[in-house]
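A short worksheet on the structure shown next.
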Amino acid sequence: MGVGMEARDLNAWFGPAQVLHGISMDMAANQVTAIIGPSGCGKSTFIRCLNRLHETVPGARVEGKVKVGGSDIYGRSVPAVEVRRRVGMVFQKPNPFPTMSIYDNVAAGLKLNGFRNRRELDQIVERSLCQAALWDEVKDQVKKKSGASLSGGQQQRLCIARALAVAPEVLLMDEPCSALDPISTSKIEELVFELKKDYTVVIVTHNMQQASRVADFTGFFLLGYMVEFDRTERVFTNPADKRTEDYVTGRFG
Amino acid sequence: MTRTRFQLGLDELKEKLLRMGGLAEQAVDRAIEAYSSRDPEASEKVFRGEQSINMVEREIDELALDLLAMQQPVAVDLRFILAVIKVNADLERVGDQAVNIAERARDLAGLPAVELPADIPRMAATATGMVRQALEAFIRADADLAQQVLGSDNSVDRMKREIEAAMMAQMKQSPASARQALDTLLIARNLERVADHGTNIAEDVIFWVRGADVRHLGPGTPATPLP
């Protein structure tokens, strides 16, 4: 089961420029939370703060708390590597390890952590590929075919399988469909719907229809602030803030 | 660019709906004119006018469907289009009520004139006034004005009950004019329905503007906001 995630008074900077201002938000367990907003609103920075990726950029820093299942990922003595295992991430462009087979792509995280039990590894790889709805399409050639030889949509599902293999509690998705065609997009969206049974999902998307289709909750970001956060139905039928309404109806942004 | 096209579509939808409102209102006015003047030709005008009402109704539905399918509207735009679809259906029904009234008026014109204790023109003025005010609220996106319309429904209901009671009594006392009394009673019922459609339109305006569903609430009950 996924666990809930909460951000409390989260501020982020790139050098001297503050790009996130006091974001507080609860991402409910086993629900999909979407972050929407125009380019440069801070939504990708926000999601990258949720697994301590933001701090890997030179000059970037974060203040505030992000709790996963009650423990602060920015707490002292919490290793970033452990955080990224508990909070998996899928990126905009599918990025499988190009020279590795499908199998090795999925197993990479586990092997890196010293996991060697061959039979168990086989099981985890198969289960992860099943969860990512890719197993049936690749099962006959998981060890022969390279990750890079798959189609874009399959590569993205491979990346999802790779993220799931290390048994995260939360799955972050940063515009996971922006490089995909509508059919692949709809497969990923169906997958997100399935995945929330086991994981807490946070998805950043430019595509508002996608947010309205997949998310239970939606947060609207603007210029580094969170303007509105509510149930998705509410945001898309009767948002409370005029700026949200202008954005979702396409009047700006 | 696409949004501009969408906005043009929304404007066109509003324009067509107002045209529809004008036609429906005119139909009721003409039907009442036919009743008052005992002129069968006035009834014919109502029958002929119904075709244009039905045509505009279809145009509005087609345009609304196109906008829903091609622009995927959300929030205030989605509520607007839903409201238009519902108001459109109500206006078409107002047109139908006008036809019913015109049929009764034509029947009455063929019967000996009798003095009956029923102020149909007054009731008609109140009922069509509600439809007009609800459409005015629609043009101005004015939920307060729409709210006022909801209050008028009770007085129309009362007028209908009074006319009903008076016509029932008339039929008993003077069976010779029973048919005239029955026609008049039916006209009062049609007008009461016109007022109901006015109420529905006002509720749809409130839904569009405030995002609140005020249907089927007793007086003083707070409106339910959308989820």
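We did not get these values from a lab; they are worked out from the coordinates using the rules stated. Treat the numbers as computed from the prediction; the structure is a model and nothing was measured. Note that each Cβ is placed from the backbone with ideal geometry, even for glycine, and that neighbours are counted across all protein chains shown.
A Cβ distance below 8 Å, combined with a sequence gap of six or more or placement on separate chains, defines the contacts here; from region A:233-253, residues that are at negative phi and more than 7 Å from chain B (Cβ to nearest Cβ) reach residues that are aromatic (Phe, Trp, Tyr) and in a loop (DSSP other than H, G, I, E, B) in the pairs A:Asp246/A:Phe252. If you go through region A:36-48 and pick out every residue that is among the hydrophobic types (A, V, I, L, M, F, W, C) and under 10 Å from A:Val19 (Cβ atoms), you end up with 2. Within region A:188-218, being within 13 Å of another protein chain (Cβ to nearest Cβ), in contact (Cβ under 8 Å) with a residue 60 or more places away in the chain and surrounded by fewer than 18 Cβ atoms within 10 Å (Cβ to Cβ) holds for one residue alone: A:Asp216. Number of residues in region A:1-59 that are in a loop (DSSP other than H, G, I, E, B) and either under 23 Å from A:Val78 (Cβ atoms) or touching a Pro at 6+ places or on another chain (Cβ under 6 Å) (or both): the value is 13.
For residues that are charged (D, E, K, R) and loosely packed, with under 13 Cβ neighbours inside 10 Å, scanning just region A:112-138, find the one that is nearest to A:Gln156 (Cα to Cα). I'd like the intermediate steps shown before the answer.
As a first pass, look at region A:112-138 and keep what is charged (D, E, K, R): A:116, A:118-120, A:122, A:126-127, A:136-137.
Restricting the remaining residues to those that are loosely packed, with under 13 Cβ neighbours inside 10 Å gives A:116, A:118-120, A:136.
Working: A:Arg116: 26, A:Arg118: 25, A:Arg119: 25, A:Glu120: 24, A:Asp136: 15 Å.
Ranking the candidates gives A:Asp136 first.
Is there a residue being within 14 Å of chain A (Cβ to nearest Cβ), free of Cβ contacts under 8 Å to residues at least 24 places away in the same chain and in a helix (DSSP H, G or I) anywhere in region B:80-99? So that I can check it myself, show each step before the final result.
Quick first cut of region B:80-99, residues within 14 Å of chain A (Cβ to nearest Cβ) only: B:80-83.
If we keep only those that are free of Cβ contacts under 8 Å to residues at least 24 places away in the same chain as well, we get none.
Checked region B:80-99: no residue is within 14 Å of chain A (Cβ to nearest Cβ), free of Cβ contacts under 8 Å to residues at least 24 places away in the same chain and in a helix (DSSP H, G or I).
If you scan region A:233-248, which residues turn out to be polar (S, T, N, Q) and either surrounded by fewer than 21 Cβ atoms within 10 Å (Cβ to Cβ) or out of contact with any Asp or Glu (no Cβ under 9 Å at 6 or more places or on another chain) (or both)?
From region A:233-248, those polar (S, T, N, Q) are A:237-238, A:244; that's our starting set.
Hit for region A:233-248 is A:Thr237, nothing else.
Given the structure, is B:Arg122 without any contact (Cβ under 8 Å) to a residue 60 or more places away in the chain and either away from chain A (no Cβ under 14 Å) or closer than 15 Å to B:Ile32 by Cβ (or both)? Here the answer is yes, as B:Arg122 does meet what is asked.
With respect to A:Gln141, is the statement that it is surrounded by fewer than 21 Cβ atoms within 10 Å (Cβ to Cβ), more than 27 Å from A:Ala7 (Cβ to Cβ) and away from chain B (no Cβ under 14 Å) true? For A:Gln141, the condition - surrounded by fewer than 21 Cβ atoms within 10 Å (Cβ to Cβ), more than 27 Å from A:Ala7 (Cβ to Cβ) and away from chain B (no Cβ under 14 Å) - is met.
So which residues in region A:82-132 are of a type in the set (Ser, Thr, Tyr) and under 30 Å from A:Asp72 (Cβ atoms)? Matches in region A:82-132: A:Ser128 only. Looking at A:Ser178, A:Ser186, which is the one that is outside any helix (DSSP H, G or I) and either more than 18 Å from A:Leu129 (Cβ to Cβ) or among the acidic types (Asp, Glu) (or both)? Residue meeting the stated conditions: A:Ser178.
Condition first: of a type in the set (S, T, N, Q), more than 17 Å from A:Gly15 (Cα to Cα) and touching a helix residue (DSSP H, G or I) at 6+ places or on another chain (Cβ under 9 Å). Now tell me which residues in region A:34-70 satisfy that. Working first, answer last.
Here is the first cut: in region A:34-70, the ones of a type in the set (S, T, N, Q) are A:39, A:44-45, A:51, A:56.
Among the residues that remain, those that are also more than 17 Å from A:Gly15 (Cα to Cα) are: A:39, A:51.
Listed by number, the list holds a single entry, A:Asn51.
Per the conditions (1) in a helix (DSSP H, G or I); (2) in contact with a Leu (Cβ under 9 Å, 6 or more places away or on another chain); (3) away from chain B (no Cβ under 11 Å); (4) surrounded by 22 or more Cβ atoms within 10 Å (Cβ to Cβ), the sole criterion not satisfied by A:Phe221 is (1). For region A:122-134, the criterion of being farther than 22 Å from A:Glu190 by Cα and not aromatic (Phe, Trp, Tyr) is met by at least one residue. How about region B:1-32: which of its residues are in a helix (DSSP H, G or I) and farther than 23 Å from B:Gly95 by Cα? Answer for region B:1-32, where residues must be in a helix (DSSP H, G or I) and farther than 23 Å from B:Gly95 by Cα: B:Thr2, B:Arg3, B:Thr4, B:Arg5, B:Phe6, B:Gln7, B:Leu8, B:Gly9, B:Leu10, B:Asp11. Taking the criterion of being hydrophobic (A, V, I, L, M, F, W, C) and surrounded by fewer than 19 Cβ atoms within 10 Å (Cβ to Cβ), the residues of region B:151-170 that qualify are B:Ala165, B:Ala166, B:Met168, B:Ala169. Among the residues of region A:87-107, those that are under 12 Å from A:Leu158 (Cα atoms) and not in a loop (DSSP other than H, G, I, E, B) comprise A:Val90, A:Ser101, A:Ile102, A:Tyr103, A:Asp104, A:Asn105, A:Val106, A:Ala107. Take the residues in region B:125-150 that are touching a residue at least 12 places away in the same chain (Cβ under 8 Å) and not hydrophobic (A, V, I, L, M, F, W, C); name whichever of them is farthest from B:Phe207 (Cα to Cα). Looking at the filtered set, the residue picked out is B:Thr126.
Free of Cβ contacts under 8 Å to residues at least 60 places away in the same chain and surrounded by 16 or more Cβ atoms within 10 Å (Cβ to Cβ): is that true of A:Cys49 in this structure? Spelling it out, A:Cys49 is indeed free of Cβ contacts under 8 Å to residues at least 60 places away in the same chain and surrounded by 16 or more Cβ atoms within 10 Å (Cβ to Cβ). Filter region B:60-79 down to the residues that are within 14 Å of chain A (Cβ to nearest Cβ) and either hydroxyl-bearing (Ser, Thr, Tyr) or assigned to a helix (DSSP H, G or I) (or both) and list them by number. B:Leu67, B:Leu68, B:Ala69, B:Met70, B:Gln71, B:Ala75, B:Val76, B:Asp77, B:Leu78, B:Arg79 - these are the residues of region B:60-79 that are within 14 Å of chain A (Cβ to nearest Cβ) and either hydroxyl-bearing (Ser, Thr, Tyr) or assigned to a helix (DSSP H, G or I) (or both).
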